[in-house]
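Q: Got a structure here, written out as C-alpha cells. Questions coming.
The values are calculated or read from the model by the stated rules, or taken from the named source; none is laboratory data. These figures come from a predicted structure and were not determined experimentally. Backbone-built Cβ (ideal geometry, glycine too); neighbour counts: all protein chains shown.
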Amino acid sequence: MIKMIVFDMDGTICDLYGVSNWLPKLRASDVSPYRDASPMWDMEKLADILHKLQKQGIKIVVVTWLGLGASPEYKKATSAVKRDWLKQYDFPMDEFHAVQYGATKADSVRKKLNPGEEAILIDDSKKVRNGWRLGPTVNPTVQNILDILAGLVQ
Ligand SMILES: [Mg+2]
C-alpha cells in the first residue's frame, strides 16, 4: 500500500536547469537560481491533488540534495530558499529533508514506513530511481506526475 510520496525538487518540480547560468551561480554560492527556478507543473493542480492524498493518509515528503561541495553556510541558505520556494506555491508537505549531495534518499524516510507500506519516488535522476527500493518510481521527464498522482486519489 502506498503511504508516502517522496519528491525530488531540481529537475522534478522546479526547473533549476532552466535558469540561465545556474551552475556558475551555484558554484559561486549564489542561491538565486533555486529561488528563480520556475515550477515545472501547474502547482495549484498539484497542491489540490496532494491535499486529497494527504486526507487519504498519504504523507508528502520532499528529499532534495544540497549542492556538491557547498559550504555549511551555503547549505543552510539553500535549504531556506528551497523551503521558501515550496511555500510560495503552498506545496502541501509533511516533511522536508535537504540532504548531502549524493545521499541515499531512502535513508531519510525508511524508518517512517511500516512493513508492507510503500513510498513512491518522483525524481528526474535515473541513478536515484534505480537505487530506490521502497516502492514504485516516477520519471517526471517523461511521465505526467499530475496524471499519475491523480490516479491515486480514491
Ligand atoms: Mg533532481
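Q: Could you list, in sequence order, all residues of the range 99-144 that are of a type in the set (A, V, I, L, M, F, W, C), part of a strand (DSSP E or B) and within 13 Å of the ligand (Cβ to nearest atom)? Spell out how you get there, then give the answer.
A: Of all residues in the range 99-144, those of a type in the set (A, V, I, L, M, F, W, C) come to 99, 103, 106, 109, 113, 119-122, 128, 132, 134, 138, 142.
Going one step further and asking which of them are part of a strand (DSSP E or B), we end up with 99, 119-122, 138.
Passing the criteria: 99, 121, 122, 138.
Q: Please list, ordered by first then second residue, the pairs with beta carbon atoms under 6 Å, 6 or more apart or interchain, first in the range 125-138 and within 18 Å of residue 15 (Cβ to Cβ), second part of a strand (DSSP E or B).
A: As it stands, the answer is 138/122, since those pairs meet every condition given.
Q: Just wondering, is there one or more residues in the range 88-98 that are modelled with pLDDT of 95 or more, under 17 Å from the mean Cα position of the chain (by Cα) and in a helix (DSSP H, G or I)?
A: yes
Q: Next up: Quick check on my filter: what residues within the range 49-82 are without any contact (Cβ under 8 Å) to a residue 40 or more places away in the chain, in a helix (DSSP H, G or I) and either of a type in the set (Ser, Thr, Tyr) or buried (at least 17 other Cβ atoms within 10 Å of the Cβ) (or both)?
A: Selection gives 75, 79.
A quick yes/no check of all residues on (1) out of contact with any Phe, Trp or Tyr (no Cβ under 6 Å at 6 or more places or on another chain); (2) touching a residue at least 60 places away in the same chain (Cβ under 8 Å); (3) away from the ligand (no atom under 14 Å from the Cβ):
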| position | (1), (2), (3) |
| --- | --- |
| 4 | yes, yes, yes |
| 12 | yes, yes, no |
| 15 | yes, no, no |
| 18 | yes, no, no |
| 30 | yes, no, yes |
| 33 | no, no, no |
| 45 | yes, yes, yes |
